[in-house]
Amino acid sequence: MLRHRSAHALFTDTGLTLSLSSREQRLRELGWGVAGARPVAPQAEKPREAKLNRFEGPRESWARDVPTYGGLRYPGVLPGVDLWVEEHTAGLEYGFRAERGELLRRVRLEYAGVEAVRVVEEGRGLEVELGGGVLHERGLKCAQETADGVQYEVGCRFADARRVGGDRWEYAIEVDVEEPSSPVVVDPVILWNDYLGVEEDDSFGDMVRGDGGELFVTGTLANGLSGARLQGLPGGKGAVVARLQADGGLDKWTIFGGADDDMGSAIALGDKKLYVAGVTNSTAFGIPANHGAEGTQDGFVAQLEPSSLDLEWIYLVGTNAGDEFVHDLAVGPDGGLFIVGTTNSSNFPKETPPATARGWDAFIMRLTPGTDAGPNAASEDWSIVFRGSNRDIAYAVTVDERDHVYVTGRSESLDLLGSPLRPHSGPDGGADAFIVKLKPDGKGESSMYIGGQGNEEGRALVFQPSSNSLLVAGTYGSVAFPGGSVTTPSATAEAFVMGLDRNTFGLMRSSVLWNTSGDDEARAITLVNDAIYLGGVTRSRDFPVDGGFDTVFGDGGTEGFVARVVLGEDVPRWSSWVGGNKEDAVLALQGDPQGRLFIGGTTSSNDLVLNTEVAPLKNHIGGNDLFVMHVDPAIQDAGVPEDAGVPADGGVPQDGGVPEDGGVQLPDKEPEQPDTEPVKSALGWSCGSTGTGGEPVTFALGTLAGLWLFASRRGTHVWPKRS
């Protein structure tokens, strides 16, 4: 049994019973199941760390520390076929898996308690009419695997919706199985996709995911956007901050800026505050409007209230004598703000001793945020400017739990770093990636270059706690990676990720996504349940796309990409282009505990949306637009952690509401470790029940409310397992 506000779901040995209600509608019950299935007790899978207490009825029936699970399995619901059900923040997903593809050429399913079931969109979708609302199933997409694991798409469709008696309707899923003995798999499907923009060119800056599942996005938009709150002195393009709900709905947004163009380039969440960093070209900017000289660019940091997006203060970073560009922002464990970028100003604030600019120099500054909307909005604690002999840029910053600071970027200077662990490899004026570790007081601790005779740069950083490593992502332009025998310039640039021991900067493992036909640039990195995802831009038609939701290289010559990478392997475990008919770029990645991926970037394509099962159709506005996409990669690697806990947005039901045996079959003992790869579901995860026989059990669901149960899910998956 599952209970959540206006929707209850009861899992029985014959299927699923839904109880739906809302303020406008009375309680309505409907059933769903597999036609012709044999009764099977569902087995709990995907054990969660969270436990529930159930205090209802007589005291002797109370239960504490009730196990919770994220998935259910109905083994052998049809001959040779298993049914799987999994939680998602937007509702439920179901799928099938068979021992042989020939067993799933056609499966019949049934709704009860409905007015009608219709096949729509030429078999790509299904509508279930309830009278007071419509449930949707969409996104059906299937593939088969060859003996060597290469996937190719096969046709599949909803078909033959018909009434079978009273309020019972039946429909079918048909799969064009080409090799009866080979496995059929389902490609990942986009959950939702939003465009943000106006007819002019807009740009994406960054995004961050909140504990409640909401997504905060920043970038640049023209100030002609309806429904946006304008704060400050709007004139040219403004910095935008938008908050998206977990299901893709745009909650609210605000634009702030001055009379000229301003841009949000980085965003981070602190203790009950939201911080945005960027660049302003305006002579009167912010609260207060305290910009200095005409014709210069300054960096800025803004503090906003996360729920209302009210702008509380803006603090300018820079001098009146030069320009500054802010590229990234991080919040330390004590609330300190760290910003990095590049400057051509002399006498940069808090630089000790003051120095003269040598061109474009990389910088990092630490600020302590205040509460006043004025000159004391933040205080400058310290800053470091790397005064190299050539152009240098700091692109990314992150902070560990001990307040140590890590910075990466691009350096064309042989003398940028003092006593680096690894020297600059290229000629003076050639670019190497650099990495610096600073103590909490800003004093240097370790540094190194990454590069060969080509051009390299570091663009993104993330910690991987499981390996105690610092992951650095960027672009590599030499034939061999550090440690190889050849470091001559390469004809193309490749995306790379390197794992370093975060204490010693010792090289652990690395991966380079090799290509031969064009340049690739890594722009973003994130961890999803400890799996490494890399995002960026590619001009390579031979980029290693494997199992992705977008397998067509567009006509614009530039595609975004996202790839799941295992260090030490140069071929992604999973990868996809992200784009359409023009130019596209992936610039930010975020993950959630359910193993799904948020992708953000910029696009000029008008056909980027591949599926719109959840969010209403969002149209490309014109020029370059910001986009945010939510994708379920359906990872098929047994080494990926199966569980990441329950979302912090209260996704656990308040009570279990289950019978004493839970209505779910639990193992009588701890499962033995198999000698072979664990059995995987149709939805991409492995079995792993840990409950004991006789315990009550609750199936924990993130968000399940009203008609969104199926209306906001991507639809049916058919995924027989390998023979």
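Nothing in this text is a laboratory measurement; each read-out follows from the coordinates by a stated rule. Everything numeric here is computed off the predicted structure, so don't read it as measured data. No Cβ is skipped: glycine too gets one built from the backbone with ideal geometry, and neighbour counts run over all protein chains shown.
Put a dot 7 Å past the Cα of residue 176, heading toward its Cβ, do the same for residue 439, and the two dots end up 6.7 nm apart. Of the chymotrypsin sites (Phe, Trp or Tyr not before Pro) in the stretch 303-354, not one is in a loop by DSSP (not H, G, I, E or B) with at most 11 other beta carbons within 10 Å.
Count charges around residue 298 for me, please; just the other residues with Cβ under 9 Å from its Cβ, Lys/Arg as +1, Asp/Glu as -1. Walk me through the numbers on the way to the answer.
Numbers: positive: none; negative: 323, 324.
Around residue 298, the surrounding residues sum to -2.
Just the projected area, averaged over all directions, of the convex hull on the alpha carbon atoms of the stretch 515-633: how many nm²? Dividing the Cα hull surface by four gives the mean projection, 7.0 nm². Between residue 624 and 201, 202, the built amide H atoms are under 5 Å apart, and every one of these is 5 or more places off in sequence or on another chain. In a DSSP loop and with at most 15 other Cβ atoms within 10 Å, the GluC sites (Glu not before Pro) in the stretch 356-441 are 401. Were the residues from residue 121 through residue 492 laid out at 0.36 nm apart, the gain over their Cα-Cα distance would be 129.3 nm.
Length gain on complete extension for the stretch residue 259 to residue 271, per 0.36 nm per residue less the alpha carbon to alpha carbon distance? Walk me through the numbers before you get to the answer.
Numbers: separation 12, 0.36 × 12 = 4.32 nm, distance 3.12 nm.
Gain on stretching residue 259 to residue 271: 1.2 nm.
Listed by Cβ neighbour count within 10 Å, with the fewest neighbours leading, 307, 467, 425, 345 appear as 307, 467, 425, 345.
Report the full-extension gain for the segment residue 153 to residue 517: residue separation times 0.36 nm, less the Cα-Cα distance, to one decimal in nm. Provide the component values of the computation, followed by the final result.
Values: separation 364, 0.36 × 364 = 131.04 nm, distance 2.50 nm.
So the chain would gain 128.5 nm between residue 153 and residue 517.
Evaluated with a Cβ-only charge set (Lys, Arg +1; Asp, Glu -1), the stretch 564-609 carries a dipole of roughly 120 debye about its Cα centre, given to the nearest 20.
Relative protection proxy for 565-577, 517-529, from highest mean packing down: 517-529, 565-577 (other beta-carbon atoms within 10 angstrom).
Between residue 347 and residue 283, the simple label model (points 7 Å from Cα in the Cβ direction) yields a spacing of 2.2 nm. The relative contact order of the stretch 515-633 comes to 22 percent, based on Cα pairs under 8 Å that sit 6 or more residues apart.
If you plug the beta carbon distance of residue 356 and residue 503 into 1/(1 + (r/R0)^6) with R0 = 35 Å, you get a FRET efficiency near 0.50.
What does the charge count near residue 168 come to, summing +1 for each Lys or Arg and -1 for each Asp or Glu among other residues with Cβ under 14 Å from its Cβ? Display every interim value, and only then the final one.
Details: positive: 108, 162, 163; negative: 29, 110, 115, 129, 167, 170.
Here the count lands on -3.
Give me the net charge of residue 267's neighbourhood, meaning all other residues with Cβ under 13 Å from the Cβ of residue 267; Lys, Arg count +1, Asp, Glu -1.
Details: positive: 209, 243, 273; negative: 206, 214, 328.
In short, 0.
Given R0 = 22 Å, the distance between the Cβ atoms of residue 162 and residue 129 translates into a calculated FRET efficiency of 0.95.
Label separation (residue 14 vs residue 606): 5.2 nm, computed from points 7 Å beyond Cα along the C-beta direction.
Could you size up the charge dipole of the stretch 515-633 around its Cα centre, putting +1 on the beta carbon of Lys and Arg and -1 on that of Asp and Glu, and report it in debye to the nearest 20? Each step should come with its number before you reach the end.
On the way: 8 positive and 18 negative charges, 39 e Å.
Using Cβ point charges on Lys, Arg, Asp and Glu, the stretch 515-633 gives about 180 debye.
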